[in-house]
Amino acid sequence: MTHVHKPIKPAHDWHAIYSARLSITDLLVLIWVVFGVQIAWFGFDSGDLAVRSSDLAVSYTSVSVILILSWMAVLSIYGTRTDRVLGTGFDEYKLIVGASVRLFGLLAIVAFLFHIDVARGYILLAFPLGIVVLVFSRWMWRQWLVAQRARGQYTSRVILVGTQESSARIAGELTTRLGAGYLVVGACVTAGPADSYLPDSTVPVLGGIDDVHTALDSLGADTVIITSSDAISPQRMRELSWSLEPGRHHLIMVPRLIDVSGPRIHTRPVAGLPLIHVETPRYEGRTLFTKRAVDIIASTLLIVCLSPVLAGIALAVKLSGSGKVLFYQERVGINGRHFHMIKFRSMVADAEARLADLQDTKRTAGNSVMFKMPDDPRVTRIGRFLRRFSLDELPQLFNVLRGSMSLVGPRPPLRSEVDEYAHHVHRRFLVKPGITGLWQVSGRSNLSWDDTVRLDLYYVENWSLVGDLVILWRTAKAVLARDGAF
């Protein structure tokens, strides 16, 4: 390397600072919840807890203190504040719920074995309320952390190691997802010129693999990401991992298999080899039953609760004089079966006939397969309002109730769009199409066709009930933001 980088003093360990703040917040939350439940249940004059086997009496205030300290200890033991899960969202919340359930299971066993007579209402209120408030507190901290990471703070400073092509690809992905907490500050490539930049990037190339430690020290980086191991021998990879400073430097490897979620990946060490097991997706039995049960219950409740809104929209569309209130369009669903999707009419009556005159704009608006126009002249004035807030989609709840659609799934395509599909895109039909999905909450009509396909296939390959709940939550935020809705 010909260029000498001025050493950057490592920043304070943000993990420790952030973890300490979480600990304080967790403690305050538990004090507020546990003592609040105690006062609400017993009043300010709490009774005693009788231990029958030894005729001991312990005040509920002491029990609350023990419960808070035990809860804090369990949260720490199960790693709810470790570097691995800080700011990751679902994994962090899952650990909090799991640790809390184990704690109260243990308390129930202890109470049974030692015949401790504790008020059930006190426990049954403190347990769920504590979990909810803890998760909400962590969610608030996550919003703050994402905002800090957008400004380049509270992130892991990353050096990429691999080919220029793979390093540029990973740098691009991480740059567009600063909320993940990885800030790329440099790259050491296995081939190519030094002291330049990665293709289509502002990330500097700092040399080859032998310059990794110089790059780490000069840029104050703490994480090395191997983007491609083709040009790195196993022995050299092992030496690199050994040379990293324990507790300060982290090594991450990017596998070639992408768009696979965590629950499907399991690592099993065999004879010193870290074998990665990837489970194939299954769409049968309990999985289908659970998804269908949720669809039936949720769609029924939503139809009942939103019936005044549905009636009001129907009246507004009728008075607009744009034709029939409901619009039926043939779409392609699960296993390629056709069905009629229901929407509130948002276009003029002859919209389908006028489509041919607008086809020339297809390659310049929306994406290369789906026809979308930001200012489609066929949309009525009431239709623009309905589309802005996705209210025209509400009648699809009846499609969900009948079983042709699901609340969450890939976008239901037109037959004309399916005719242009590449072979692999047909995997979208392994599950039912949805009213909402990853496409809708990730940019909607602003996305390219390749991104639309990638998101839909990711959903198909990695479906989970919790994932559906997260998408439904993000849908509410996307609808209010109105980005990409036209």
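No value in this document is a laboratory result; all are computed from the given coordinates. Every value quoted in this text rests on a predicted model; they were computed, and no experiment measured them. Glycine also receives a Cβ, built like all others from the backbone with ideal geometry; neighbour counts cover every protein chain displayed.
Mind sorting T452, T88, T475 by how few other Cβ atoms lie within 10 Å of their own Cβ, fewest first? List each step's numbers first, then the result.
On the way: T452 26, T88 15, T475 19.
Least to most surrounded, the residues fall as T88, T475, T452.
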Distance between region 225-254 and region 101-138 - C-alpha centres, whole angstrom: 44
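Using 0.36 nm per residue, how much length does the chain from W242 to K477 gain when fully extended, once their Cα-Cα distance is taken away? Don't jump to the answer; show the numbers that get you there.
Details: separation 235, 0.36 × 235 = 84.60 nm, distance 4.48 nm.
Full extension of this stretch gives 80.1 nm more.
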Under 15 Å, Cβ to Cβ, from Q396 - net charge with Lys/Arg +1 and Asp/Glu -1: +3
Length gained when the stretch F136-S19 is fully extended (0.36 nm per residue, less Cα-Cα span): 40.5 nm
Sorted by Cβ neighbour density within 10 Å, fewest at the top, the residues R427, R388, R286: R286, R388, R427
Modelled label reach - I66, point 7 Å along Cα→Cβ, region 106-146 residues with backbone N closer than 20 Å: 106-128, 130
When region 14-150 is reduced to its Cα atoms, the Kirkwood hydrodynamic radius in Å: 15.9
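Roughly speaking, what is the stretch gain from C305 to L414, that is 0.36 nm per residue apart minus the C-alpha to C-alpha distance, in nm to one decimal?
Details: separation 109, 0.36 × 109 = 39.24 nm, distance 3.02 nm.
Result for the pair: 36.2 nm of gain on full extension.
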Pairwise Cα inverse-distance average, inverted: Kirkwood Rh of region 163-206 (Å): 10.4
Prolate/oblate/rounded label for region 156-257 (Cα gyration tensor, a/c 1.5): rounded
Summed side-chain charge close to D26 - residues other than D26 whose Cβ falls under 15 Å, Lys, Arg +1, Asp, Glu -1: +3
q = 0.26 Å⁻¹: log10 I(q)/I(0) that the Debye formula gives for region 74-146, counting C-alpha atoms only: -1.17
